[in-house]
Amino acid sequence: MNTGNQEHIEAYLRRELSSEETVAFEKRMEEDAAFKQEVELYQKLVAGIQVQGRNDLKKELQSLENEIAQNERYTITLQPRHLLRIAVVVILLIIPLYIFYSREDNLFDQYFLPYDNYVASVERGASDLDAYQEAFQAYEVANYSQATQLFASLNAEQQAQEGVIFYWGLSHLALKESKSAINKLKQVLELSGDFQVQAKWYLALAYIQENKKEEARLLLEELVKSGRFQNQKARELLQKLS
Amino acid sequence: MSTQKRIDEKKLIESLKRGDKQYFNAFYKAGRKEFLSWAKRQYKISKEDAIDIYQNASILLYEKIVDNQVDHLKSSLKTYFYGIAKNLISRYFREGQKEIDHQDNLQEHWMYQNQNEDENSQEVRKLIQDQLSKLGEPCQSILKLFYFENLSMNLIAQRLDYKSAGVAKTQKSRCMQQLKKEVTTQMQLKLNSNSGK
């Protein structure tokens, strides 16, 4: 096939021949089988090159697609299925924390016993008690929420008494209102009175309830050193904390 | 807003005809997400298949653009693209085929023979593909630039650093001749080995 022939075929295939030329070209194809074959082969070559181009473009788009997928990996899009995954992760994180906290709770429950009332001796069944006595009676019968209300209703002078503050704090502690308990028990410590050592013990328990381990540990160490109130239990608790 | 879009589409068409795929790739990226969720919502097509169809529709769009078929569109290019995609999708459901048919031929300014698909023509097509991939440079590039990307000889000369369009044209003719020679030789060999059996 000479170049002139090739150009002629290509011009025909590109529909660039005039209508007369096209008629002549097609007449020649009918008459000359070898020429017809040549034209058909030329068509196939062109189609082949175009299919190849198509395949190359497909590969380019696939690598573009990989790029996009790579970028998507770094962008967090919050779709429902992602939310579900996040929820699962959060739950898995919470379970050990929950176990941890509930263990602290157990420590508190294991060691907390209300301290007996040594302040206002109340005769059981006695009537016409004043608020002061009523408060301690409520404490004795383990009605702690009533006790805290009654302690709160006392006058300022009564509320400043070490005994009142101590049992008031214990009432809060029994109700697991550890923040209020800590507040009261710290006041007791500041007064440096009769209930100081006991207050340390209960304050340590309140800190455990609040998961303030370090504060609890310090108080327990003091108790162990002093060898006084709840010494043995303080030692045990200290070991369990560490 | 829509003017902005028109300009982008116009830029896409113009740049692609110069052989610059930058806007085409941007078009691909920009429309991808919307297409995938549309295909999923409308047709329940898996993401993997939808990506395949999106790519094939993009290829067909590419061919229409370089074949000057979208120069006077009344709709937006995007609407036109979705038309192409819908055709691919309906064939996908009809025939289970995602790929572009080799008979979706190809660029309209070319005359193609009526392809009576027999075993022989399949064989010839495969043979041509093999020989094409064996073809070295600059022939691979120049043939692709001319017959697939539909670039002018001027642009091809610029791209491949030829002195003039005429030089590029001569080179292209040589490459075509070489390809034809290789293919004919292979066909002859095949014919001989078949008759020798």
Qualifying residues in the stretch B:26-57 (those that are buried (at least 16 other Cβ atoms within 10 Å of the Cβ), within 14 Å of B:Phe81 (Cβ to Cβ) and not hydrophobic (A, V, I, L, M, F, W, C)) - the one farthest from the other protein chains (Cβ to nearest Cβ): B:Gly31
Complete set of residues in the stretch B:142-194 that are within 14 Å of chain A (Cβ to nearest Cβ) and either in contact with a Pro (Cβ under 8 Å, 6 or more places away or on another chain) or not in a helix (DSSP H, G or I) (or both): B:Glu149, B:Asn150, B:Leu151, B:Ser152, B:Gln171, B:Cys175
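Give the residues of the stretch B:58-94 that are over 18 Å from the mean Cα position of the chain (by Cα) and either within 14 Å of another protein chain (Cβ to nearest Cβ) or in a helix (DSSP H, G or I) (or both), sorted by residue number. Write out each step before concluding.
Within the stretch B:58-94, the subset over 18 Å from the mean Cα position of the chain (by Cα) is B:72-76, B:78-79, B:86, B:89-94.
Once the filter is applied, which keeps residues that are over 18 Å from the mean Cα position of the chain (by Cα) and either within 14 Å of another protein chain (Cβ to nearest Cβ) or in a helix (DSSP H, G or I) (or both), the stretch B:58-94 yields B:Lys78, B:Thr79, B:Lys86, B:Ile89, B:Ser90, B:Arg91, B:Tyr92, B:Phe93, B:Arg94.
From the list A:Gln62, A:Gln52, A:Gln37, exactly one residue is assigned to a helix (DSSP H, G or I), within 11 Å of chain B (Cβ to nearest Cβ) and over 30 Å from B:Gly31 (Cα atoms). Which is it?
Working: A:Gln62 fails: over 30 Å from B:Gly31 (Cα atoms); A:Gln52 fails: over 30 Å from B:Gly31 (Cα atoms).
One residue alone meets the criteria, A:Gln37.
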Count of the stretch A:74-101 residues which are modelled with pLDDT under 65 and surrounded by 11 or more Cβ atoms within 10 Å (Cβ to Cβ): 1
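Counting residues that are closer than 30 Å to A:Asn106 by Cβ, touching an Asp or Glu at 6+ places or on another chain (Cβ under 9 Å) and modelled with pLDDT of 90 or more, which helices (runs of 4 or more DSSP H) fully inside the stretch A:119-234 reach at least 2?
Numbers: elements: A:131-140, A:144-153, A:156-159, A:162-174, A:178-191, A:196-209, A:213-226.
Filter on the stretch A:119-234 gives A:144-153, A:162-174, A:178-191, A:196-209.
Residue-by-condition table, conditions (1) closer than 16 Å to B:Lys180 by Cβ; (2) surrounded by fewer than 19 Cβ atoms within 10 Å (Cβ to Cβ); (3) among the aliphatic types (A, V, I, L, M):
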{"site": "A:Asn5", "(1), (2), (3)": "yes, yes, no"}
{"site": "A:Arg14", "(1), (2), (3)": "no, yes, no"}
{"site": "A:Glu26", "(1), (2), (3)": "no, yes, no"}
{"site": "A:Glu30", "(1), (2), (3)": "no, yes, no"}
{"site": "A:Glu40", "(1), (2), (3)": "yes, yes, no"}
{"site": "A:Leu45", "(1), (2), (3)": "yes, no, yes"}
{"site": "A:Lys59", "(1), (2), (3)": "no, yes, no"}
Residue that is among the β-branched types (Val, Ile, Thr), under 33 Å from the mean Cα position of the chain (by Cα) and on the phi < 0 side of the Ramachandran plot, where the choices are A:Ile182, A:Ile165: A:Ile182
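The values are calculated or read from the model by the stated rules, or taken from the named source; none is laboratory data. In this text, all values refer to a predicted model and were calculated from it rather than measured experimentally. Note that each Cβ is placed from the backbone with ideal geometry, even for glycine, and that neighbours are counted across all protein chains shown.
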